[in-house]
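Notes to accompany the following structure.
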Amino acid sequence: MEITLLSDKEYTVSDLLIKNIHTKRFCVFDFEATGINHETEHITQIGAVIVENNEIVESRTVKTYVKPLKPIPESVERFTGIYNTDLIGAPSLAAVYDQFVKFTEGCILVTHAGYEFDLPLLKNECKRSNLSMITAPCVDTKALFSYLHPEIEDIIWTDYLIKHYNVNDKDLKRHDALGDSILIARIFLRILNEFKNRNIEDVDFIKPVIVKRFQIKPLV
């Protein structure tokens, strides 16, 4: 897979091939962090859930706080609902990383906006902690939706996909890594269903897929 930054507003995804996507096992994951800059911020929470046989396996989940190398700013505490007091006694990333990697074994990773945030955030965290970056293939719901709907020029926010696919999120805690993972999984299943309805068995980004980047204002 290759990601090419075109500007501060969009990028392309190419050379992504997932054959027989409807037969695969997936691990949908999400990170919460101390801020939105993946180069300087740190993971505060990891969440993940398995999707298999077109179902969310809610009995197979991971959720853990992570002790960051810097405190969470008050504005981010208010936004995510994760407070510095929640992280007292939390393990370091190095202490829980192997558990997360083992949980993903045999899976294709699924994320929302992970090409822009979660994956580069994890890559930088791994460098800082001298950990090996996870190597499992990863698909992003933003890119998959853009692949299906190149005519849509909007930025594909989570709330956009919730509305587009009429996904229920009322029973989930947002900005919680596991809650968001389950929400992403629900969206992902709707996308998979659209692939099936179009008789698409293989995800094959031969032609670069253009994806609009998030434009997020700093929290104050």
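The values are calculated or read from the model by the stated rules, or taken from the named source; none is laboratory data. This one's a predicted model, so the numbers in the text were calculated from it and none came from an experiment. Heads up, the Cβs are rebuilt from the backbone with ideal geometry, glycines too, and the neighbour counts pull from every protein chain shown.
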Is there a residue in the range 87-106 that is exposed (fewer than 15 other Cβ atoms within 10 Å of the Cβ), under 20 Å from LYS24 (Cβ atoms) and modelled with pLDDT under 95? no
Within the range 191-202, does at least one residue satisfy the condition of being touching a Lys or Arg at 6+ places or on another chain (Cβ under 7 Å) and not aromatic (Phe, Trp, Tyr)? yes
Expected output for the range 50-76 (first residue closer than 15 Å to ASP176 by Cα, partner charged (D, E, K, R), Cβ below 7 Å, 6+ apart or cross-chain) is TYR65/ASP86
Residues in the range 116-139 that are polar (S, T, N, Q) and touching a residue at least 60 places away in the same chain (Cβ under 8 Å) total 1
Residue pairs qualifying under the 8 Å Cβ cut-off, at least six apart or on distinct chains, with the first in the range 147-161 being closer than 9 Å to LYS212 by Cβ and the second being part of a loop (DSSP other than H, G, I, E, B), are ILE155/ARG213; ILE155/PHE214; ILE155/GLN215
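Do the conditions hold for ALA143, that is, is it over 17 Å from SER181 (Cβ atoms) and either surrounded by 22 or more Cβ atoms within 10 Å (Cβ to Cβ) or free of Cβ contacts under 8 Å to residues at least 12 places away in the same chain (or both)? It would help to see each step written out before you state the result.
Values: over 17 Å from SER181 (Cβ atoms): yes; either surrounded by 22 or more Cβ atoms within 10 Å (Cβ to Cβ) or free of Cβ contacts under 8 Å to residues at least 12 places away in the same chain (or both): yes.
Answer is yes for this residue.
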Residue hits (the range 169-193; in contact with a helix residue (DSSP H, G or I) (Cβ under 6 Å, 6 or more places away or on another chain) and either free of Cβ contacts under 8 Å to residues at least 60 places away in the same chain or of a type in the set (D, E, K, R) (or both)) are ASP169, LEU172, LYS173, ARG190, ILE191
Q) Is it true that ILE155 is more than 21 Å from GLU52 (Cβ to Cβ), exposed (fewer than 13 other Cβ atoms within 10 Å of the Cβ), of a type in the set (Val, Ile, Thr) and at pLDDT below 95? A) no
Apart from one, (1) surrounded by fewer than 22 Cβ atoms within 10 Å (Cβ to Cβ); (2) closer than 19 Å to LYS142 by Cβ all hold for CYS27; the odd one out is (1)
Across the range 2-45, the tally of residues that are touching a strand residue (DSSP E or B) at 6+ places or on another chain (Cβ under 9 Å) and at positive phi stands at 1
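Just to be sure, is VAL211 of a type in the set (A, V, I, L, M, F, W, C) and within 25 Å of LYS9 (Cβ to Cβ)? So that I can check it myself, show each step before the final result.
Working: of a type in the set (A, V, I, L, M, F, W, C): yes; within 25 Å of LYS9 (Cβ to Cβ): yes.
Yes.
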Quick count over the range 159-197, residues being surrounded by 18 or more Cβ atoms within 10 Å (Cβ to Cβ) and of a type in the set (Ser, Thr, Tyr), is 1
Going through the range 35-48 in order, the residues found to be out of contact with any Leu (no Cβ under 7 Å at 6 or more places or on another chain) and either within 13 Å of CYS138 (Cβ to Cβ) or buried (at least 24 other Cβ atoms within 10 Å of the Cβ) (or both) are ILE46, ALA48
Output for Cβ contacts, cut-off 6 Å, separation at least six or different chains, first residue part of a helix (DSSP H, G or I) in the range 90-115, second among the polar types (S, T, N, Q), reads LEU93/SER129; ALA94/SER129; VAL96/THR64
* Among the residues of the range 54-61, is there at least one that is closer than 19 Å to GLY114 by Cβ and in contact with an Asp or Glu (Cβ under 8 Å, 6 or more places away or on another chain)? -> no
